[in-house]
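Heads up, the thing below is written out as structure tokens.
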Amino acid sequence: MHGAFTIRTSGQGLYELTDQVADWVTGSGLLTLFVRHTSCSLLIQENADPEVQTDLAAFFHRLVPPTSDPSMAYLTHTYEGPDDMPAHIKAAMLPVSLSIPVENGRMALGTWQGIYLFEHRDRPHQRTVAAHLLRDR
């Protein structure tokens, strides 16, 4: 079974798509999600306390600041703005695909786990996450 999810972002941060995916899955098998972009990532992360998402975004912003920061002066890919190359670096450090077991129509996520698109760009974007559910036979 193949599908896709569209996530509209309004800038850097984590955008949960757990409910969209949960509504789509059926049966049992292995779900693969893949983001079709080079400046965002996919994460399974805590979804109970929003401070977790805030802190993750703050950590990665501090770890890889925009190219306008003097510490990033060595970067040469700056054509699309000061957030572009840092977004590519973050996407290289974090997963762009996830594998999640599905049992009886439910993802086998832990109690506090949710699926997130991690947007690394400042501008709003429309992101596409491809989905493939390989069902048990």
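Determine the shape class of the chain: with a ≥ b ≥ c the square roots of the Cα gyration tensor eigenvalues, call it rounded for a/c under 1.5, and otherwise prolate if a/b is greater than b/c, oblate otherwise. Prolate. Between residue 97 and residue 49, the simple spin-label model (points 7 angstrom out along Cα→Cβ) gives 3.3 nm. Note on 76, 54: ascending count of other Cβ atoms within 10 Å places them as 76, 54, the fewest first. Summing charges over neighbours of residue 5, with a neighbour being any other residue whose Cβ is under 12 Å away from its Cβ, gives 0 when K and R count +1 and D and E count -1.
Rounded to the nearest whole Hz, the Karplus-based 3J(HN,Hα) values (6.51 cos²θ - 1.76 cosθ + 1.60, θ = phi - 60°) of segment 40-53 follow the sequence 8, 9, 10, 9, 9, 8, 4, 10, 8, 10, x, 5, 4, 5, with x at glycine and proline. Here each label is just a point 7 Å from Cα along the line to Cβ, and for residue 137 and residue 72 those points are 4.8 nm apart. Charge tally for residue 106 (other residues, Cβ to Cβ under 13 Å; Lys, Arg +1; Asp, Glu -1): -3. Each residue of segment 98-107 was assigned a 3J(HN,Hα) from its phi angle through the Karplus curve 6.51 cos²θ - 1.76 cosθ + 1.60 (θ = phi - 60°); the sequence is 9, 10, 9, x, 10, 10, 6, x, 10, 5 Hz, with glycine and proline shown as x. Going by alpha carbons, how many degrees (0 to 90, nearest 10) lie between the helix axis of 84-93 and the longest principal axis of the chain? The helix 84-93 is inclined about 50 degrees to the chain. Other residues whose C-beta falls under 13 angstrom from the C-beta of residue 49 contribute a net charge of -4, scoring Lys and Arg +1 and Asp and Glu -1. The helix-based estimate of mean residue ellipticity at 222 nm for the chain, built from -39,500 (n - 2.57) per DSSP H run of four or more residues and divided by its residue count, is -6500 deg cm²/dmol to the nearest 500.
For segment 22-31, 3J(HN,Hα) computed residue by residue from phi via the Karplus equation (6.51, -1.76, 1.60; θ = phi - 60°) reads 4, 5, 8, 6, 9, x, 10, x, 10, 9 Hz, glycine and proline entered as x.
No value in this document is a laboratory result; all are computed from the given coordinates. Being a predicted model, the structure only gives us computed values, none of them experimental. Neighbour counts run over all protein chains shown; Cβ positions are idealised from the backbone, glycine included.
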